[in-house]
Amino acid sequence: MNLLELIQKRHSVRAYSQQPVEKEKIEYLLEVARLAPSAVNKQPWRFIVVQSEEKKCALHDCYNRDWFKEAPLYIVVCGIHSESWKRGSDSKDHCDIDVAIATEHIVLAAQELGLGTCWVCNFDALKCAEILQLPLNEEAIVILPIGYANENTIAEKKRKSKNEITSFV
């Protein structure tokens, strides 16, 4: 399967089986994240794999959705703004961009491995930081539930046409 086919197959999974995710697959996801590009190669991120029942239940308080509770594990992707590159002309912080690139590497690798995931950004970040005891300079930016999909149907992805989003000058 080429990259375009992989991207076409990827979708947000909101139903998980209880089948555990193999350690080798978790390690693979972390390796592709580690290799993601970042501005000036600063790599201002940290990946927290949440597998214990205690921490998983605590994270449910950050994002209280039934489907979210089904996932066998979570990867919390954190950004470290004090380590990220800032553009000289306007001091724009590239931490969120760098974290997004690494996160999408994980998402695509999960699809490649037959795993499902879903970007979760609408969570209580302060509560998450407290649960994970994050240092003050670290921000939980994305929670990725990871697991084997337990879905029978996949909704068609609605996307704008290339003409709607592209300009040539």
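Using only alpha carbon pairs under 8 Å that are at least six residues apart, calculate the relative contact order of the chain and give it in whole percent.
33
Quick one: how many lysine pairs in the chain have C-alpha atoms under 14 angstrom apart, if they're 8 or more apart or on different chains?
Lysine pairs satisfying the spacing and distance rule in the chain number 7.
Per-residue HN-Hα couplings for the range 82-87, Karplus 6.51 cos²θ - 1.76 cosθ + 1.60 at θ = phi - 60°, whole Hz, x for Gly and Pro?
Each residue's phi maps through the Karplus curve to give 5, 9, 7, 7, 10, 5 Hz.
Quick one: with all protein chains in place, what share of the accessible area of the chain is carbon or sulfur, to the nearest percent (1.4 Å probe)?
On the chain, the fraction of accessible area on carbon and sulfur atoms equals 51 percent.
With both partners inside the chain, how many of the DSSP beta bridges are antiparallel, as a percent to the nearest 5?
Percent antiparallel among DSSP bridges in the chain is about 95.
Suppose all protein chains stay in the model; what accessible area per residue would a 1.4 Å probe give for the range 100-161, in Å²?
56
The values are calculated or read from the model by the stated rules, or taken from the named source; none is laboratory data. As the structure is a computational prediction, the values presented were derived from the model and not from experiment. Heads up: the accessible areas ignore ligands, DNA and RNA and are worked out on the full protein's heavy atoms, side chains in. Shrake-Rupley method; radii C 1.70, N 1.55, O 1.52, S 1.80 Å.
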